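A.B. asks: Structure incoming, see below.
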Amino acid sequence: MEPWFSDEEKKALADYFDRGGWATEFEKTKELEKSIAEFTGSKHCVFTTSGTAALFLILKALGIGAGHEVIVPDFTMIGTANAVHWAGAEPVFVDIHPSNWCLDLDGVEKAITPKTKALILVSFNGRSPKMNRAKEIADRHKIFLIEDAAQSLGSRSKGQHLGTFGIAGMFSFSAPKVITTGQGGAIVTSSDELDQKIRQLKDFGRKQSGVDEHPVMGYNFKVTDIQSVIGIEQMKKLPWRLERKKEMYALYRKELEGVDEIEWVETNLEEASPWFIDVLVSEREELREFLKSEGVGTRPVYPPIHSQGAYGKKGSFPVTEKIAKHGLWLPSSSFLKDEDIIQICRKIKKFYLEV
Ligand SMILES: *Cc1c(COP(=O)(O)O)cnc(C)c1O
């Protein structure tokens, strides 16, 4: 994964400072929020310091905390679960479905208790389960559907942008994501009330910006206009990045066709723009060693979160465990040329077919 910064960001930052910008969150952040809201078809967007902070703010604004449970997938980036912990609630881990690596919705139904307040649906690598069903489950049990769409900027389900199905959703702008502001997170919601609450919480619980009256306990999760100036330029590059990722995914698939040791997750490129190239492989560690010796870096996918020292929970999560053992991210920088990808695939084929 590689970010793409170029003359556009440099020039925009120079212009910003030439005009006397104060670096703190102001007009440029509003402009970025507007651009994300328009792109995703959301009524509101609030930009904040990270995707994890975005989830935390959503949970707090919904009044979720001590004594509550929130369902999260066992297979995700750990920030999803940590946001629940920091809000004071209990993350309840549920296994994922092998067809899309997202929450298994049957498992979700089984995990709901009277304490459950929300489910956080992670759309893994731009893929999603049946979103209407997720919504229906949440509505029927009177719990909130929150979307962790950190990996899904530019991905849709039946034409609707991911992140916009539940009460609120969020995207991450950390360095490895499809576009980046170094660090950053965007919340989207169609609720005026939630938008207002989140803005208040991220600014010390102030009644209004610039007024030192604090009706509620708040935090400081404001960003800088420096990040937003970069984000505005990154949004202009997003369409190209999304298309390139789709082309790369299709090329990897084509080049690795017929290699039985590699398993793909069904990915509809009409709707999902895979942010990275994720596959299941046999002999993962041996393959990684071989590729490394050939100058190709790879990365194992996330471990089962319940088993991490931070949580130390027991339980059976067979799909997550299998994917955590066999899942691999192949080189996914959008700067890879087609020839590079063909070369990488040749090396993979060499490992399985000749060694
Ligand atoms: C990246 C990521 C996060 C965390 O976002 P940060 O901006 O790094 O805090 C949360 N969930 C998922 C699925 C992610 O990929």
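A.B. asks: Would you point out the residue of the stretch 183-196, among those that are assigned to a loop (DSSP other than H, G, I, E, B) and more than 10 Å from the ligand (Cβ to nearest atom), that is nearest to Gly41 (Cα to Cα)?
C.D. replies: Ser190
A.B. asks: From the set of residues in the stretch 24-38 that are over 20 Å from the mean Cα position of the chain (by Cα) and among the acidic types (Asp, Glu), which is surrounded by the most Cβ atoms within 10 Å (Cβ to Cβ)?
C.D. replies: Glu25
A.B. asks: Can you name the residue in the stretch 45-94 that is small (Gly, Ala, Ser) and more than 17 Å from Gly169 (Cα to Cα) and, of all such residues, is surrounded by the most Cβ atoms within 10 Å (Cβ to Cβ)?
C.D. replies: Ala89
A.B. asks: Under the condition of being without any contact (Cβ under 8 Å) to a residue 40 or more places away in the chain and within 16 Å of the ligand (Cβ to nearest atom), which residue from the stretch 132-151 is nearest to the chain's Cα centre (by Cα)?
C.D. replies: Ala149
A.B. asks: Six or more apart or on different chains, Cβ atoms under 9 Å: show the pairs whose first residue is in the stretch 316-338 and farther than 24 Å from Glu255 by Cα and buried (at least 19 other Cβ atoms within 10 Å of the Cβ) and whose second is of a type in the set (Ser, Thr, Tyr) and at pLDDT 95 or above.
C.D. replies: Qualifying pairs under 9 Å: Phe317/Ser307; Thr320/Tyr302.
A.B. asks: Pairs under 7 Å by beta carbon, first residue of a type in the set (Ser, Thr, Tyr) in the stretch 69-91, partner at pLDDT 95 or above and assigned to a helix (DSSP H, G or I), six or more apart or different chains?
C.D. replies: Sorted first by the residue in the stretch 69-91, then by its partner, the pairs are Thr76/Ile305; Thr80/Leu55.
A.B. asks: Can you tell me which condition Phe5 does not meet? The list is (1) hydrophobic (A, V, I, L, M, F, W, C); (2) within 14 Å of the ligand (Cβ to nearest atom); (3) touching a residue at least 40 places away in the same chain (Cβ under 8 Å); (4) surrounded by fewer than 17 Cβ atoms within 10 Å (Cβ to Cβ), and all the others hold.
C.D. replies: Condition (2) is where Phe5 drops out.
A.B. asks: Restricting to the stretch 167-178, give me the number of residues that are over 9 Å from the mean Cα position of the chain (by Cα) and either surrounded by fewer than 24 Cβ atoms within 10 Å (Cβ to Cβ) or within 10 Å of the ligand (Cβ to nearest atom) (or both).
C.D. replies: Qualifying residue count, the stretch 167-178: 4.
A.B. asks: Please specify each residue of the stretch 321-347 satisfying the condition of being hydroxyl-bearing (Ser, Thr, Tyr) and in contact with a helix residue (DSSP H, G or I) (Cβ under 8 Å, 6 or more places away or on another chain).
C.D. replies: Ser332, Ser334
A.B. asks: It is to be established whether one or more residues within the stretch 197-214 are within 15 Å of the ligand (Cβ to nearest atom), assigned to a loop (DSSP other than H, G, I, E, B) and crowded, with 16+ Cβ neighbours inside 10 Å.
C.D. replies: no
The values are calculated or read from the model by the stated rules, or taken from the named source; none is laboratory data. Only a predicted model underlies this, so the values are computations on that prediction, with no experimental measurement involved. We place every Cβ from the backbone using ideal geometry, glycine too, and count neighbours over all the protein chains shown.
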